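My questions will all concern the structure given below.
Derivation of every value follows stated rules applied to the coordinates shown; laboratory data play no part. No experiment lies behind these values; they were computed from the predicted model shown. Cβ sites come from the backbone with ideal geometry, for glycine too, and all protein chains shown count toward neighbours.
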Amino acid sequence: MILKSATPPATRRTRVVKTVLYAFLLLLCTLLQMSLLPAWRVAGVCPLWLPVLAVLAGVREGERFGLGFGLAAGLLCDLILPRGGGFFTVFLMGTCLLAGALCRRVLTRGFVASLLWSLAVFAVMDVLFFILFYLLPGRAGLSALWIIALPETLFSVASAIWLYFPVKWIGRIGQ
């Protein structure tokens, strides 16, 4: 486990600029999620960028920002994805808060940690979503979990490689 030093507090102007840039990035990813990504399928699934972006922002900015960004990304996921019903909002708020708190206080916020957090959060999210919305209601069997959730998790986390760099750039503003 790698310990990290405390970062200096950001000014109000810096926080506003970062929030506006993150909001723009979230809206851009939402538009791409709705328009471009459904046509870009691999193994029958398309990547989900919003949960990955929320985790990356939470890891980079800490628990308070992670909670707010998880709320915004979760609401957008629940609006644009079928069968959300508030699941994404609650899940992303909790996981981004946890990831932000641990990375702010104990772990590093680097590339590898961001990818590992994205993988862990997305895998848990996919399994829970599958159990709640497909397995328990009897819409699909357990074998569908490996056919759908595994490729979706891997494909979405692979997109974290591209999303990490804008998040890192925004996160460095004011430091």
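Tilt of helix 160-171 relative to the longest C-alpha principal axis of the chain, in degrees (0 to 90, nearest 10)?
30
While we're on this one: Can you give the FRET efficiency for Val112 and Leu136, using 1/(1 + (r/R0)^6), R0 = 35 Å, r = Cβ-Cβ distance, to the nearest 0.05?
Calculated transfer efficiency: 0.50.
Right, something else. I'd like the distance separating the alpha-carbon centroids of the stretch 94-110 and the stretch 114-165, in whole Å.
Measuring centre to centre over Cα atoms gives 20 Å.
How large is log10 of I(q)/I(0) for the stretch 70-149 at q = 0.11, 0.19, 0.20, 0.22 Å⁻¹ when the intensity is taken from the Debye formula with one equal scatterer per alpha-carbon?
-0.34, -0.87, -0.93, -1.04
Now for a separate question. Using Kirkwood radius over Cα pairs in Å as the read-out, say which of (i) 16.4; (ii) 17.9; (iii) 17.2 was calculated from these coordinates.
Identified label for the calculated read-out: (i).
A further question on this structure: Compute the acute angle (0 to 90°) between the alpha-carbon long axis of helix 111-130 and the principal axis of greatest extent of the alpha-carbon atoms of the chain; round to the nearest 10°.
That works out to roughly 30 degrees.
Moving to a separate point now. Please give the length that would be gained between Ala158 and Ala23 if that part of the chain were fully extended, namely 0.36 nm times their separation in residues minus their C-alpha to C-alpha distance (nm, one decimal).
46.4 nm
If each residue of separation counts as 0.36 nm, what is the full-extension length gain between Val127 and Ser143 once their alpha-carbon separation is subtracted?
Here the segment from Val127 to Ser143 would lengthen by 4.6 nm.
Starting from the Cα-Cα distance between Ile173 and Arg13, subtract it from 0.36 nm times their residue separation and give me the gain in nm to one decimal.
So the chain would gain 56.5 nm between Ile173 and Arg13.
Please compute the alpha carbon radius of gyration of the stretch 108-175, then divide it by the globular-protein estimate 2.2 N^0.38 Å. Two decimals is fine.
1.40
Angle between the Cα long axis of helix 87-105 and the longest principal axis of the chain, 0 to 90 degrees, nearest 10?
40
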